[in-house]
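The structure under discussion appears below in the form of structure tokens.
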């Protein structure tokens, strides 16, 4: 049986982890390579890097980080943040990323998803959807949540599947950072709308939220950042908990 | 000994390279090339493959003499070859992704879309699934049955001769996830992304 995946996400800025795991024996808490290795050794099913580097002159650092990480971690590595073109995707894949997550560029230019999924295969193209509730629908936001595109998130999800996305990473902006749980309604609606896997993101505060994301939100994978970063839970604890709730996980 | 990973513009092969280099350390030379003479003179060949069946076959055919060289290596000279993902699928006679495309024809059979039972199952089949080992395979030496492997694919290889199947995995149906026929090995899953157990499979292939 296919297992539900747990994906820890690391925010990387100028080549350094912004919110890291607080482990006493960690030599360098800001080193993304070392942190990714801890996650993969701890049983993470995949690793996700979100590059939040703002300045252009430091944009190339992420390539170096990906290159080093892929030589140490032998589980899938997804990299997102600031991807604008097929060429950016090509560079990340050549450095050793297994998948890329495309956000703003997918909204602004649908050709990026169409062309890249044709060129590299759908398996490495993840479209990241940042959605915020407005009345009885959800709208897609871009530029790290700053701009409202006004596009309906459910329609957009379907369109991205048609364009060749292999997976959708759905983040509820209403829940992100709140630690009150995923937006289950959003997750389950998108998951029911498309036939590609949905990764739930935004709002995890405890392990029951992961269970809800899978059982109620119908997500194929759950992504979380802060509950792992601050050592509140280990990936192993999360998996054991999911297992105890009858969710199939790789242990 | 040297092992050649065939670089034929079949998409992203960095992870395959990294994993083989990690396992090989300094004991085995890992070459990454499409140079026909280098392929001919190598002891083992790895045929990766990402994207569609058609795009991979097209990419092979785009390099003059590559298909002939691979035929000579695997069929005439019977040297060990490992196909990964679409690399395995290309062993078939025919594939139906995008359009009907002729495969290498090394193992009779076809590659068709996984039956997702009217959308009851998501496609691609992405993530970790357990392998059910049904035949002893040399690349599964010291690999426990029901080990987890990382998959990402929407098409499956259906060989005519079921005796070539060394393991299957359970999704919407029983999916062939590895084959062994004489000197030819293939995995539908990605050993290069399947953590320590995947590296062990790579080591088993290198150590053949």
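The values are calculated or read from the model by the stated rules, or taken from the named source; none is laboratory data. It should be emphasised that the depicted structure is a prediction, and the values quoted were computed from it without experimental measurement. With ideal geometry, Cβ positions are generated from the backbone for all residues, glycine too; neighbour counts draw on all protein chains shown.
Would you be able to say whether some residue in region A:104-112 is without any contact (Cβ under 8 Å) to a residue 60 or more places away in the chain, buried (at least 24 other Cβ atoms within 10 Å of the Cβ) and over 30 Å from residue B:16 (Cβ atoms)?
no
Criterion first (at pLDDT 95 or above, within 11 Å of chain A (Cβ to nearest Cβ), in contact with a helix residue (DSSP H, G or I) (Cβ under 8 Å, 6 or more places away or on another chain) and closer than 24 Å to residue A:124 by Cβ) does residue B:152 satisfy it? Before you say what the answer is, go through the steps one by one.
Working: at pLDDT 95 or above: yes; within 11 Å of chain A (Cβ to nearest Cβ): yes; in contact with a helix residue (DSSP H, G or I) (Cβ under 8 Å, 6 or more places away or on another chain): yes; closer than 24 Å to residue A:124 by Cβ: yes.
When the stated conditions are applied, residue B:152 passes them.
Please give the helices (runs of 4 or more DSSP H) falling wholly within region B:1-69 in which 3 or more residues are within 16 Å of the chain's Cα centre (by Cα) and under 24 Å from residue A:165 (Cβ atoms).
B:14-24, B:53-61
Out of B:161, B:170, which single residue is touching a strand residue (DSSP E or B) at 6+ places or on another chain (Cβ under 9 Å), at pLDDT 95 or above, over 30 Å from residue A:37 (Cβ atoms) and facing another protein chain (nearest Cβ under 9 Å)?
Only one candidate qualifies: B:170.
Just a yes or no: is a residue in region B:184-198 at pLDDT 95 or above, within 12 Å of chain A (Cβ to nearest Cβ), farther than 21 Å from residue B:4 by Cβ and out of contact with any strand residue (DSSP E or B) (no Cβ under 9 Å at 6 or more places or on another chain)?
Yes, there is a match, as at least one residue in region B:184-198 is at pLDDT 95 or above, within 12 Å of chain A (Cβ to nearest Cβ), farther than 21 Å from residue B:4 by Cβ and out of contact with any strand residue (DSSP E or B) (no Cβ under 9 Å at 6 or more places or on another chain).
May I ask you to list the residues in region A:30-64 that are touching a strand residue (DSSP E or B) at 6+ places or on another chain (Cβ under 8 Å), assigned to a helix (DSSP H, G or I) and within 14 Å of chain B (Cβ to nearest Cβ)?
A:36, A:39, A:40
For region B:117-135: of the residues being part of a loop (DSSP other than H, G, I, E, B) and at the interface with chain A (Cβ under 7 Å from one of its Cβ atoms), which is farthest from residue A:74 (Cα to Cα)?
Taking the candidates together, the pick is B:119.
Just name the residue that is surrounded by the fewest Cβ atoms within 10 Å (Cβ to Cβ) out of those in region A:214-225 that are more than 13 Å from chain B (Cβ to nearest Cβ) and more than 13 Å from residue A:7 (Cα to Cα).
Per the stated criteria, the residue is A:216.
Please go through (1) in contact (Cβ under 8 Å) with a residue 12 or more places away in the chain; (2) within 30 Å of residue B:147 (Cβ to Cβ) for residue A:51 and return the number of the only condition it doesn't satisfy.
(2)
When you go through B:107, B:131 one by one, which is the residue that is under 17 Å from the mean Cα position of the chain (by Cα) and either closer than 23 Å to residue B:17 by Cα or without any contact (Cβ under 8 Å) to a residue 60 or more places away in the chain (or both)?
B:131
So, in region A:65-78, of the ones that are more than 19 Å from residue A:221 (Cβ to Cβ) and in a loop (DSSP other than H, G, I, E, B), which residue ends up nearest to the other protein chains (Cβ to nearest Cβ)?
Checking each candidate, the answer is A:71.
Which of the residues that make up region B:154-192 are assigned to a helix (DSSP H, G or I) and surrounded by fewer than 24 Cβ atoms within 10 Å (Cβ to Cβ)?
Going through region B:154-192, the residues assigned to a helix (DSSP H, G or I) turn out to be B:162-164, B:191-192.
B:162, B:163, B:164, listed by residue number.
Just checking, how many residues over region A:116-155 are part of a helix (DSSP H, G or I), surrounded by fewer than 22 Cβ atoms within 10 Å (Cβ to Cβ) and modelled with pLDDT of 95 or more?
2
Collect the residues in region A:207-233 that are modelled with pLDDT under 95, out of contact with any helix residue (DSSP H, G or I) (no Cβ under 6 Å at 6 or more places or on another chain) and in a loop (DSSP other than H, G, I, E, B), keeping them in residue-number order.
Hits for region A:207-233 are A:225, A:230, A:231, A:232.
Just to be sure before I move on: is residue A:128 under 21 Å from residue A:221 (Cβ atoms), away from every other protein chain (no Cβ under 14 Å) and out of contact with any helix residue (DSSP H, G or I) (no Cβ under 6 Å at 6 or more places or on another chain) in the structure I sent?
Details: under 21 Å from residue A:221 (Cβ atoms): yes; away from every other protein chain (no Cβ under 14 Å): yes; out of contact with any helix residue (DSSP H, G or I) (no Cβ under 6 Å at 6 or more places or on another chain): yes.
Spelling it out, residue A:128 is indeed under 21 Å from residue A:221 (Cβ atoms), away from every other protein chain (no Cβ under 14 Å) and out of contact with any helix residue (DSSP H, G or I) (no Cβ under 6 Å at 6 or more places or on another chain).
When the residues of region A:79-99 are narrowed to those that are at the interface with chain B (Cβ under 10 Å from one of its Cβ atoms) and outside any helix (DSSP H, G or I), which ends up surrounded by the fewest Cβ atoms within 10 Å (Cβ to Cβ)?
Out of the qualifying residues, it is A:96.
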